[in-house]
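Accompanying notes for the structure given below.
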Amino acid sequence: MYNSDQAEPPPYEFSAVALPAPLPEPEAPAEEDPSESRKNALWNLPIRTYLDQTVVPILLDGMAELVKVRPQDPVKWLSEYLDDNNPNEPPSKRTKRDDSPQPVVAAQPTQPLAQPVAQPPTGATASSE
């Protein structure tokens, strides 16, 4: 410490300070999995662009088929269509359904709308009284 009685301050003394070890050089980027780089790229897209590139094409195809078939349960039909035609799965892993949804068929009445008129037996005459 400096004593004010002295005419001149003592020279500063520097002690050896251990510096931190230098940071290692960054490694060359390892070969990144293509699906990882695609995933990272998708996270950086604006929402509308993301949907236009990933979901909208398959939804439009599914809805175009949906209006042709017009199933009784369109939501279930569309979910099965999306599952069957998922572009993110190889065709070997996609579910192929044998029981494709049937189109809506108008209900048939259980009884005829008009009762048939009974025909009299041939050769018989009807009396007027």
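The values are calculated or read from the model by the stated rules, or taken from the named source; none is laboratory data. What you see is a predicted model; the values in this text were computed from it and never measured. Here the Cβ positions follow ideal geometry from the backbone for every residue, glycine too, while neighbour counts run over all protein chains shown.
For the reader, a short list of remarks on this structure follows.
- In region 73-92, the residues that are touching a Gly at 6+ places or on another chain (Cβ under 8 Å) and assigned to a helix (DSSP H, G or I): LEU78, TYR81, LEU82
- Residue in region 68-89 that is touching a helix residue (DSSP H, G or I) at 6+ places or on another chain (Cβ under 8 Å), modelled with pLDDT under 90 and exposed (fewer than 10 other Cβ atoms within 10 Å of the Cβ) present: no
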